[in-house]
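Presented below is the structure to which this report refers.
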Amino acid sequence: MENQRGHGSFMNGFPQDLPPLFKRITADGVVGFDASFSSRRDSNGTEVAHNCDNPAIAGIQKPSFFLPGAAEAHNRSHSVSFGFQGAPSALCIDRSKIDILIYNSDAIVSDERLYHSSEIHSSSFPQKKQTMFHSQRMPVDFPSVEKFEQVLPSGEIFEDESYDCFRTWSGKLENRISNLHRKPQDQAKIHDSHDTEFEALPSVDRYYDAFEAPELEVLKAGEELVLPADKTWPFLLRFPVSSFGMCLGVSSQAMLWKTFAKSSSLSFLNVSTDVNLVLWFIALALIVLVATIYSLKIIFYFEAVKREYFHPVRINFFFSPWIACLFLAIGVPQQVTKNLPCSLWYVLMAPILCLELKIYGQWMSGGERRLSKVANPSNHLSILGNFVGALLGASMGLKEGPVFFFAVGLAHYIVLFVTLYQRLPTNEALPKELHPVFFLFIAAPSVASISWAKINGSFDLGSRIAFFIAMFLYASLAVRINFFRGFRFSLAWWAYTFPMTGAAIATITYTAEVSNAITKTLAITLSTISAVTVSALLVSTILHAFVFHNLFPNDSAIAISYKRPKLRKEQFHPWTRSSEGRDNESV
């Protein structure tokens with residue numbers, strides 16, 4: 001009887017207290033529990049349970065569970081069934097399988113009214129068919145994959161699909177392979193994500209509507225991005241084509257110190273050619289590194305590369321890797337090679353020519369990418385390649401090719417120079433963050449003076465005109481102190497480097513023709529400023545990239561939506577109209 005009460009008892013070291021609703025009994029004492037019972041009557045006429053399978057327990061009185069109030073009302077017996085489900089670490093009870101069947105809603109269950117009866121004669125109640133209780137093995141296996149997917153967020157198991165619209169076929173194929181084990185209903189969602197509007201490229205007007213003019217980098221209020229703005233994007237999506245500006249700065253330094261070491265007018269400084277050798281290998285390693293990273297971006301996120309190419313400003317930076325290679329070829333140390341093959345010049349100038357045919361044709365065609373609309377100081381990069389290529393070709397002994405590129409670059413530089421002076425596109429000033437790009441004004445005339453001197457064989461009147469223009473622009477920008485303060489570090493700072501380096505090289509070349517104390521002092525000063533600037537920017541870039549981790553923020557310039565966001569009728573946003581419409585209304 002003590003086991004039947006079960007209150008305050010212990011078994012195997014665990015408390016066996018049960019709720020007042022239940023009474024603990026042994027399995028052998030339950031009628032029909034994994035046994036076949038038959039009814040017999042003893043000598044006193046009392047009905048007892050007889051186990052046909054186990055005669056050892058014959059004679060035990062047949063127990064029954066009942067609610068007295070319910071039994072008196074409906075003459076029905078009640079059963080309580082339990083279902084248990086295993087868990088990896090703890091015992092979990094599935095509440096959906098715990099059924100307490102009470103047929104009389106007015107019956108009140110209590111500890112006093114629910115008990116194990118062994119004294120009431122069974123003849124007082126109608127004979128009912130005995131309910132069979134079958135013990136089942138408790139499952140201990142782990143939950144299925146589907147249950148894990150219901151518990152854990154999908155982002156913790158599968159890769160985020162927010163960037164699928166920028167992936168190329170290789171990335172999308174990898175994503176589809178990883179989705180093969182997903183539920184069938186997810187396939188419709190995946191199919192819809194590939195049919196969105198992100199497959200199309202924004203137009204030029206869309207870039208001007210979405211970003212602050214004229215740099216087209218700062219997103220306007222009310223604009224939405226196709227990528228999550230509250231998350232850090234993958235590194236390749238944050239790696240812009242403007243990163244090749246670092247290669248321009250370092251490779252031009254290799255060219256500077258080679259010219260410095262070979263200059264007869266500055267031979268008293270005894271500059272070693274080892275400096276040129278070290279810088280050349282550093283520049284080569286940097287170009288290989290940046291080119292490799294951007295090649296991975298082309299492979300895995302070609303949609304983002306296309307958006308950069310169609311960006312009115314970013315397209316100019318596609319000249320950067322080829323110009324950097326031209327600088328590297330011009331500054332190759334004597335210890336590496338003395339004569340470069342002429343075929344190298346054709347290989348490097350071929351992509352520059354293709355880009356110029358595309359861009360210059362758009363400038364002349366009068367379409368949405370005409371020069372009066374997309375003019376920006378970064379357009380100087382599309383001109384610089386002509387003069388650097390002419391310099392390399394003339395150094396190799398070529399004649400017609402260098403003159404051709406020099407003439408094309410000179411014609412378009414004059415038009416670009418006048419357009420940028422008038423500021424026709426927006427008539428707005430550049431923000432402080434882009435003040436370094438103003439130094440690109442210096443790069444083209446500086447390199448043009450050197451290349452023409454190499455083509456003509458002497459630093460004649462044409463070379464001196466271009467050199468003096470570059471010196472005046474350099475001085476006019478250097479005296480503006482506001483151009484060097486008040487903004488945070490970014491990749492745009494590298495726009496200081498190769499224009500300063502080009503001006504220093506032009507000054508060294510001019511010193512060979514006009515050698516005096518003023519020209520020598522100017523050459524040494526500009527070379528020192530250029531070297532210090534490149535060194536400082538290189539150290540700052542390394543710190544911001546590997547220590548502060550803020551060199552490559554989310555590149556919103558490639559993530560604008562194809563269409564303008566829908567605005568409410570009561571809202572008025574002047575940037576939803578193109579710049580031409582604003583100009584027409586203001587006239």
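The values are calculated or read from the model by the stated rules, or taken from the named source; none is laboratory data. Because the structure is a prediction, the values reported are computed rather than measured. In this analysis, Cβ positions are derived from the backbone assuming ideal geometry, glycine residues included, and neighbour counts consider all displayed protein chains. Protein only, heavy atoms only, side chains kept; ligands, DNA and RNA dropped before computing areas. Shrake-Rupley method; radii C 1.70, N 1.55, O 1.52, S 1.80 Å.
Some observations on this one:
- A protection proxy built from the mean count of other Cβ atoms within 10 Å ranks the segments 201-209, 455-463, most packed first, as 201-209, 455-463.
- Relative packing of peptides 515-524, 221-230 - highest average C-beta neighbours within 10 Å first: 515-524, 221-230
- Working from label points 7 Å from Cα in the Cα-to-Cβ sense, the His549 to Phe302 distance is 3.2 nm.
- Computed over neighbours whose Cβ is under 13 Å from that of Phe552, the net charge equals +1, Lys and Arg +1, Asp and Glu -1.
- Percent carbon-and-sulfur accessible area, segment 457-551, ignoring ligands, DNA and RNA, probe 1.4 Å: 69 percent
- Averaged over its residues, segment 292-421 has an accessible area of 39 Å² per residue, based on protein heavy atoms and a 1.4 Å probe.
- Taken one residue at a time, the phi angles of segment 523-533 give Karplus couplings (6.51, -1.76, 1.60, θ = phi - 60°) of 5, 5, 5, 5, 5, 5, 4, 5, 5, 5, 5 Hz. Gly and Pro are set to x.
- Extension gain (nm, one decimal) between Lys220 and Val514, 0.36 nm per residue minus Cα-Cα: 100.6 nm
- Each Lys or Arg adds one and each Asp or Glu takes one away; over the other residues whose Cβ falls under 15 Å from the Cβ of Ala350, this sums to 0.
- Calculated accessible area for segment 460-507 comes out at 45 Å² per residue, all protein chains present (probe 1.4 Å; ligands, DNA, RNA ignored).
- Kirkwood-Stokes translational diffusion coefficient of segment 223-372, alpha-carbon pairs, 20 °C, 1.002 mPa s, µm²/s: 121 µm²/s
- Segment 246-363 - percent of accessible surface contributed by carbon and sulfur, probe 1.4 Å: 73 percent
- Neighbourhood charge, 14 Å Cβ-Cβ cut-off, centred on Gly393 and excluding it, Lys, Arg +1 and Asp, Glu -1: +1
- Normalised by 2.2 N^0.38 Å, where N counts its residues, the alpha-carbon radius of gyration of segment 483-563 equals 1.54.
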